[in-house]
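Visitor: Before we start, here is the structure in question, set down as structure tokens.
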Amino acid sequence: MTAPLGVYVHWPFCKSKCPYCDFNSHVRDGVDQTRWRDALLTELEFAAREAPDRIVESIFFGGGTPSLMEPETVGALIVRTHALWDTASNLEITLEANPTSVEARRFAALAEAGVNRVSLGIQALDSAALRFLGREHSVDEAREALETASRHFGRHSFDLIYSRPGQTPESWARELERALPLAGEHLSLYQLTIERGTRFFADHARGAFALPSETEAAEMYEYTQSRLAAAGLPAYEISNHARPGAASRHNLIYWRYQDYIGVGPGAHGRVATAGGKRAIRRRSGPEAWLEAVEFTGHGTAESSLVSGRDLVEEALMMGLRLSDGIDRANFVSVTGVDPVAALGEAKLAPLIAGGFLEMDDHRLAATPAGRQRLNALLQRLAA
Ligand SMILES: C[S@@+](CC[C@H](N)C(=O)[O-])C[C@H]1O[C@@H](n2cnc3c(N)ncnc32)[C@H](O)[C@@H]1O
Ligand code: SF4
């Protein structure tokens, strides 16, 4: 079998915890890099037995803050991936980085280790907003990190969070104008979400700040879509924009519902198997994961089969995020059914008439209006 595979590596540590973030990220005084390197390599070997005989198209170091990994650890994982699988000649190797000057100093070594794409968490180009978001970098540091990134990596992207408290459509439009000249081939622009369990959740609940109204948030989203398209970086997914051909291949693996394996605390995988996909999840607590790997060779918490209706719904949930939508032939090869037949014309017709979905013989896609309210759309499709 020569199906493509993505490899995700999770580094769960950060220097500080941002008040909006509910990712599996933790602050620890000391991290034993050698122990962590050995454990990640051990689980990578285990993962190669879960998804053998594939061609790895992408490796993604996510977090947490993987720019805090020793470049030798990153390099060792890349070398081991080449040893365990065949790899594509144009293998994409992405690493998420925080744009502090300390981390930018490691970019040369990370590039040397094989990283060829970096995704920088800039979050805001406004000093007060960076403070509010609890970030450790300044606007100037972010600009310098971007400049350093463009010297060392063939490809780079950065993240911004908008629809922040106090932000208006006008102030976001001005910030976007400051961002566009800095953009390379790819930008991720996320609307702030208030996640349960974060400090922002508690602050918001007690009224410490108010978010922009729904109308303002929708206006910011629509403006972002049109301004970025005009700048040559149209959205290829709800929050992701790229120049033609510059989409993140790793993220496309998720949204096209292709196979990927995950190593590290809380990492997920989906691997095609008879009757559906095997869903694999590793233990999320960093210390529990580390000990499990050291004792048993892997930190798997759950491995179950996704099949039938669940498989169709998961494939829909992923594919409808993409501007290109779902390739019906690819959907059949993954789930065994055509999405239009699975959903039924009676369910689709009103959503198509309402301007939320569109389809032809080859594709089923959410329209921009549909992507803007994707959760509601998916609920209607699942009902
Ligand atoms: C795993 S995190 C980032 C990696 C890196 N540690 C950083 O902070 O730059 C991926 C991205 O998700 C976005 N993000 C995280 N929490 C969010 C939230 N509550 N609302 C909107 N975007 C969020 C941020 O833009 C962040 O850069
Ligand atoms: S946003 Fe990034 S740096 Fe902040 S806590 Fe989350 S993963 Fe860590």
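The values are calculated or read from the model by the stated rules, or taken from the named source; none is laboratory data. These numbers were taken from a predicted model, which means no experiment stands behind them. Neighbour counts are summed over all protein chains in view; Cβ atoms, including those assigned to glycine, are modelled from backbone coordinates with ideal geometry. The area values use the complete protein model at the heavy-atom level, side chains included, leaving out ligands, DNA and RNA. Shrake-Rupley method; radii C 1.70, N 1.55, O 1.52, S 1.80 Å.
Visitor: Which of the lysines could be linked to LYS347 by a straight reach, that is with a Cα gap under 30 Å, when you skip same-chain ones fewer than 8 residues away?
Guide: Straight-distance partners of LYS347: LYS277.
Visitor: Taking the Cα centre of each part, how many Å lie between the range 309-350 and the range 213-280?
Guide: Cα centres, the range 309-350 to the range 213-280: 16 Å.
Visitor: Considering the chain, which cysteines have no disulfide-compatible partner, defined as another cysteine with its Cβ under 4.7 Å away?
Guide: CYS14
Visitor: Hey, another quick one. What is the percent carbon and sulfur in the accessible area of the chain, measuring with a 1.4 Å probe over the protein chains and ignoring ligands?
Guide: Carbon-and-sulfur percentage of accessible area, whole number: 51.
Visitor: Moving on to the next point. Mind checking the range 191-228 for chymotrypsin sites (Phe, Trp or Tyr not before Pro) that DSSP puts in a loop (not H, G, I, E or B) and that have at most 15 other Cβ atoms within 10 Å?
Guide: Listed in order of number, the matching sites are PHE209.
Visitor: So, counting K/R as plus one and D/E as minus one, what does the shell of residues with Cβ under 10 Å around SER58 add up to?
Guide: 0
Visitor: List the residues whose amide H sits under 5 Å from the amide H of GLN123, counting only those 5 or more places along or on another chain, with H placed 1.01 Å from N in the peptide plane.
Guide: Those qualifying (amide H under 5 Å, at least 5 residues apart or on another chain) are ASP159, LEU160, ILE161.
Visitor: In whole angstrom, how far apart do the alpha carbon centroids of the range 97-164 and the range 353-383 sit?
Guide: 34 Å
Visitor: Follow-up question, since we're still on this one. Which of the peptides 224-235, 300-311, 318-329 is most tightly packed, and how do the rest follow, going by the mean number of other Cβ atoms within 10 Å of each residue?
Guide: Highest mean packing first, the order is 318-329, 224-235, 300-311.
Visitor: As a test of reading the structure, rank GLU313, GLU112 by solvent-accessible area (1.4 Å probe, protein chains only), most first.
Guide: Greatest to least solvent exposure: GLU112, GLU313.
Visitor: Run down the aspartates and glutamates and flag those whose C-alpha is under 12 Å from the C-alpha of LYS15, throwing out any fewer than 8 positions away in its chain.
Guide: ASP29, GLU103, GLU136
Visitor: I'd like to check one number: the per residue accessible area of the chain, probe 1.4 Å, reported in Å² as a whole number.
Guide: Here the per-residue accessible area is 43 Å².
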